[in-house]
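A.B. asks: Once you've had a glance at the structure underneath, I'll fire off some questions.
The values are calculated or read from the model by the stated rules, or taken from the named source; none is laboratory data. Everything quoted here is computed from the prediction, not taken from an experiment. In this analysis, Cβ positions are derived from the backbone assuming ideal geometry, glycine residues included, and neighbour counts consider all displayed protein chains. What goes into the accessible areas is simple: the full protein's heavy atoms, side chains included, and nothing from ligands, DNA or RNA. Shrake-Rupley method; radii C 1.70, N 1.55, O 1.52, S 1.80 Å.
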Amino acid sequence: MLILIAIGVMAGAAAFTHVHDLTVAHGQPDWIGWANAVAVELMAIYLGLEIRARRRAGRPVGMVGVLLVAFSLLSLAAQVAEAEPSVWGWIVAAVPSLAFLALVKVVLSSAANTTPAPEPEQPQADWYDEPEPVSPVPVEPSTPETVLAPVRVVQPNRPQVVGIIR
């Protein structure tokens, strides 16, 4: 754990410093340089956390993934822009940013896995027996004991109602 903290602090400090210095070199005040550094570098960490949370919840991660790539490239570009214009200069300048991003990825992907709660035991059958068909019992039609006839009830000053009286 101490190694992770040391790498994180040193790589983060270098990445923050490169973004800060590039911002200031292009005419922004010192405090805006630090604001840009915090925004660029910490946004990558936040987006990594957001992707992990969305995957656990089964939500889409497309837009968040695009933003993570964009902020990572922005950080990497700031590192390379401050470097000596040579292949080795660019590679060496990119190391802090890449190390910081790799560390974030390793830490976020190695979070403690929670084992799912065991499901209650379900009875399991090794085979399924088809029930034997039941032969239908013949049913004779029944006849009502009394036949019901419609009866018309007439009441004065009321609509006529037709109903069955039992």
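A.B. asks: Could you check the spin-label model distance between residue 42 and residue 30? Points 7 Å from the Cα along Cα→Cβ, value in nm.
C.D. replies: In this crude spin-label approximation the distance works out to 2.0 nm.
A.B. asks: Can you check what the Kirkwood hydrodynamic radius comes to for the range 1-90, Cα pairs only, in Å to one decimal?
C.D. replies: About 14.3 Å, per the Kirkwood formula over Cα pairs.
A.B. asks: Right, here's the next one. If you take the beta carbon distance between residue 84 and residue 105 as r and set R0 to 35 Å, what does 1/(1 + (r/R0)^6) give as a FRET efficiency, to the nearest 0.05? Don't skip to the end; give the middle numbers.
C.D. replies: Numbers: r = 28 Å, r/R0 = 0.79.
Calculated transfer efficiency: 0.80.
A.B. asks: May I pose another question? At 1.4 Å probe size, with every protein chain present, just tell me what the per residue accessible area of the range 1-120 comes to in Å².
C.D. replies: Heavy-atom SASA per residue in the range 1-120 reads 64 Å².
A.B. asks: What's the carbon and sulfur percent of the range 1-59's accessible surface, probe 1.4 angstrom, rounded to a whole number?
C.D. replies: Numbers: 2570 of 3660 Å².
The C+S portion of the solvent-accessible surface of the range 1-59 is 70 percent.
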